[in-house]
Amino acid sequence: MDTLSSPAATAAAVEQPVILAQNLNHYFGQGELRKQALFDINLEIQAGEIIIMTGPSGSGKTTLLTLMGGLRSAQEGSLKLLGQEIQGATRQQLLQLRKQIGYIFQAHNLMTFLTAKQNVRMALELHDQYGRGDMDAMATDMIRAVGLENRTDYYAENLSGGQKQRVAIARALVSRPKIILADEPTAALDKKSGRDVVNLMQQLAQEQRCTILIVTHDNRILDIADRIVYMEDGRLADHPDPAALVH
Ligand SMILES: Nc1ncnc2c1ncn2[C@@H]1O[C@H](COP(=O)(O)OP(=O)(O)OP(=O)(O)O)[C@@H](O)[C@H]1O
Ligand SMILES: [Mg+2]
């Protein structure tokens, strides 16, 4: 039942963890059909850590990621995100929390009828604290940071897969979230675009001291992780030998 944590994280343990799961269980379905998807998950993640989660298809990675994003409610056990308990949290508390989290999915979920910059700007419109001019400047800066300054006004549908994914990263990072959750962010990309995308996430995260949790089967990007955790049959373990993950 030990909470998994790296030595670096333990040294910095005076700070409260950004994500703290304790004895977390999760079930899908009701009655006879009820099936347990997560079993006794214990995980502690500190500010600024980059964690990669890997493991077989159907092992529960996306389920855990969506719980950690406040996208579904915790049923059993404890899950604290940025100090807030998710188990039993109100809809309003979850909404507040989600504003501090950036999401990147395999399917980039861009609005194809909006331009690159408008897609990024949209993430800021959800927060009511920015003025129009500020939002414009922030979106422009972030588009530049992901290397798309010459595509700012292109409609998303006219961008390549790698370019769309970079817009999705810009959109996730523009509001300077404390946590970035990414589910297979490189799955649709070729080797070079995939590398560029994770390098960019790493660089921007370091600048913003943000925590990143990436679910991936892509063993070409394992090296950016401070720590790799492995999910199998709904259970989590630190993986003893990252090389053994290559499959
Ligand atoms: N909405 C749902 N209703 C019922 N069962 C679900 C639901 N979502 C996931 N499951 C089940 O929970 C288990 C874990 O699914 P999950 O999507 O978390 O796996 P995963 O590790 O992300 O897999 P993959 O690598 O294929 O994306 C699977 O057995 C799946 O069938
Ligand atoms: Mg999944």
Expected unfolding gain across residue 95-residue 113 under the 0.36 nm per residue rule, minus the alpha-carbon gap, is 3.9 nm
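Report the FRET efficiency, 1/(1 + (r/R0)^6), for residue 87 and residue 232, where r is their Cβ-Cβ distance and R0 is 22 Å, rounded to 0.05. Show your work: numbers first, answer last.
Working: r = 24 Å, r/R0 = 1.09.
Efficiency for this residue pair is about 0.35.
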Share of accessible surface on carbon and sulfur in the chain, whole %, 1.4 Å probe and ligands ignored, is 48
Check: C-alpha center the range 29-44 vs C-alpha center the range 121-179, spacing in Å is 36
Taking r as the C-beta separation of residue 224 and residue 191 and R0 as 25 Å, the FRET efficiency to the nearest 0.05 is 0.95
Burial-style ranking of 116-122, 174-180, 95-101, average other-beta-carbon count within 10 Å with highest first, yields 116-122, 174-180, 95-101
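Given axes a ≥ b ≥ c from the Cα gyration tensor, I'd like to know whether the chain is rounded (a/c under 1.5), prolate (a/b larger than b/c) or oblate.
prolate
Excluding ligands, DNA and RNA, what is the solvent-accessible area per residue of the range 107-176 at a probe of 1.4 Å, expressed in Å²?
51
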Taking 0.36 nm per residue of separation between residue 129 and residue 36 and subtracting their Cα-Cα distance, the length gained on full extension comes to 29.4 nm
Dividing the helical contributions, -39500 (n - 2.57) per DSSP H run of n ≥ 4, by the residues of the chain yields a 222 nm value, nearest 500 deg cm²/dmol, of -9500 deg cm²/dmol
So residue 150 and residue 199, fully extended at 0.36 nm per residue minus their Cα-Cα distance, gain in nm 15.6 nm
Taking R0 as 35 Å and r as the Cβ-Cβ distance between residue 28 and residue 158, the FRET efficiency 1/(1 + (r/R0)^6), rounded to the nearest 0.05, comes to 0.35
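The values are calculated or read from the model by the stated rules, or taken from the named source; none is laboratory data. Bear in mind the structure is a predicted one, so any value in this text is a computation, not a measurement. Ideal geometry is used to build each Cβ from the backbone, glycine not excepted, and the neighbour counts take in all protein chains shown. For accessibility, only protein heavy atoms count, side chains too; no ligands or nucleic acids. Shrake-Rupley method; radii C 1.70, N 1.55, O 1.52, S 1.80 Å.
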